[in-house]
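Working notes, structure below.
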């Protein structure tokens, strides 16, 4: 039988070996199953955006990302996502996201941790950085599409034309993020909210913010929000304009 002093000595010896070899005891990586559907929605939008040549390549792209996204969070899933990204994103606007993810998987580059995240980790290391990169590109593409759509037949040397260009571009960004069947940044299906009989429209509004890193942020809030400034304030609610086919 093992005696207690012998067991303690053996334990100390094992801990010393672990320390010398550089091993660390760490908690398992937190899983993020609550976001699985959101991840797959983002991948669906990603493949629809990048694989426009044939339906076959688009379906193959989604199939690859779907299988990878369905795995448990961890190094296996991250490696599978990286393989799909390297296969389908390298020659697209998302090439940087694929390259950075490959670097994280191979260990050639560190994971960039947001200074606001602290020690809280939502998913396996590198997972969120890839998702944020995809959404950042989606936001940039939305801005570019709205600019091109509202730039037609405008003379930006004229003040009124410049003002109208800015207003319409901003309206386009917000309306598409609020009203399109699929959110152009996250890929999530945007189903109209259930409202009482006799009422129409959605009950949500949104606003545009730019982060300190230059990322576009669409902030949603309840529609029936009164203007807070008491000086010559508007007596109407913050109703928002629609744009083109983005109507809600």
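The values are calculated or read from the model by the stated rules, or taken from the named source; none is laboratory data. Predicted model, so just to flag it, every value in this text is computed and none were measured. No Cβ is skipped: glycine too gets one built from the backbone with ideal geometry, and neighbour counts run over all protein chains shown.
Key figures for this structure:
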{"read-out": "Flag for residue 69 being modelled with pLDDT under 90 and buried (at least 17 other Cβ atoms within 10 Å of the Cβ)", "value": "yes"}
{"read-out": "Long-range neighbours under 8 Å by Cβ, at least six apart or interchain, first residue without any contact (Cβ under 8 Å) to a residue 24 or more places away in the chain within region 89-101, second in a helix (DSSP H, G or I) and surrounded by 14 or more Cβ atoms within 10 Å (Cβ to Cβ)", "value": "90/98; 90/99; 98/82; 98/85; 98/86"}
{"read-out": "Residue that is surrounded by the most Cβ atoms within 10 Å (Cβ to Cβ) [pool: residues in region 123-153 that are farther than 23 Å from residue 213 by Cα and modelled with pLDDT of 90 or more]", "value": "150"}
{"read-out": "Sole exception among (1) modelled with pLDDT of 85 or more; (2) over 25 Å from the mean Cα position of the chain (by Cα) for residue 186, by number", "value": "(2)"}
